[in-house]
């Protein structure tokens, strides 16, 4: 019995040694792998394209003034019909045109206004709005406003609320392709960095997609939209 105890102790010790050796090897190997995965590179990929707007909102705002309220309304109606006839002649469909309620001001009712210096008691502002998917056709019609001016229609200056708007509504259709392009460009940059640093490019550690932006290409061509998105991706690097 006593002779078997040293043998058993030796066997137990041997297995314990082998177990600790294996554990140490695995831990050191894991530490090396972990150290490799600590290295990473963050890159950005840009996708940028130009598209024509597919919707136009064109507010045509004019003003009339008179001392007789009935004559003021007659002038509003006459000018509105003149504008609608002009739009129809240029190819704008009747269903694409809407007319707002006029805003009428009685200057004699304003306490801060000196009625003796006012030429016309009443003034009114009316807006005829075109909402159309035929952008090129409407842009062509815009060039004909001079014709309406010659007929005595007084247009107001466009402020922020009444400016012409060009919209691009097909963003969801082009999103997947642009995201793919931005991701591909980001990977190309990462691969170049890995090559220059004698490293190997690994898996994606984290990624984020920026917001899509839609802006006019320039101030003279607001109907042409520049659409861009940036993808930010962090890749693992290894030796």
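Before moving on, here are some points about what is shown:
- Answer from 81, 74 - the residue that is under 23 Å from residue 163 (Cα atoms) and loosely packed, with under 15 Cβ neighbours inside 10 Å: 81
- Some residue of the range 148-167 being touching a helix residue (DSSP H, G or I) at 6+ places or on another chain (Cβ under 9 Å) and in a helix (DSSP H, G or I): yes
- Here residue 176 meets each of (1) loosely packed, with under 13 Cβ neighbours inside 10 Å; (2) outside any helix (DSSP H, G or I); (3) within 24 Å of the chain's Cα centre (by Cα) with one exception, condition (2).
Results for (1) modelled with pLDDT under 90; (2) over 24 Å from residue 57 (Cβ atoms); (3) in the same structural domain as residue 138 (by TED's automatic domain parsing); (4) more than 27 Å from the chain's Cα centre (by Cα), shown as yes or no for each residue.
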| site | (1), (2), (3), (4) |
| --- | --- |
| 180 | no, yes, no, no |
| 189 | no, yes, no, no |
| 194 | no, yes, no, yes |
| 218 | no, no, no, no |
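- Filtered residues of the range 184-216 (kept if within 30 Å of residue 165 (Cα to Cα) and either surrounded by 14 or more Cβ atoms within 10 Å (Cβ to Cβ) or in contact with a helix residue (DSSP H, G or I) (Cβ under 9 Å, 6 or more places away or on another chain) (or both)): 209, 210, 212, 214, 216
The values are calculated or read from the model by the stated rules, or taken from the named source; none is laboratory data. Being a predicted model, the structure only gives us computed values, none of them experimental. Backbone-built Cβ (ideal geometry, glycine too); neighbour counts: all protein chains shown.
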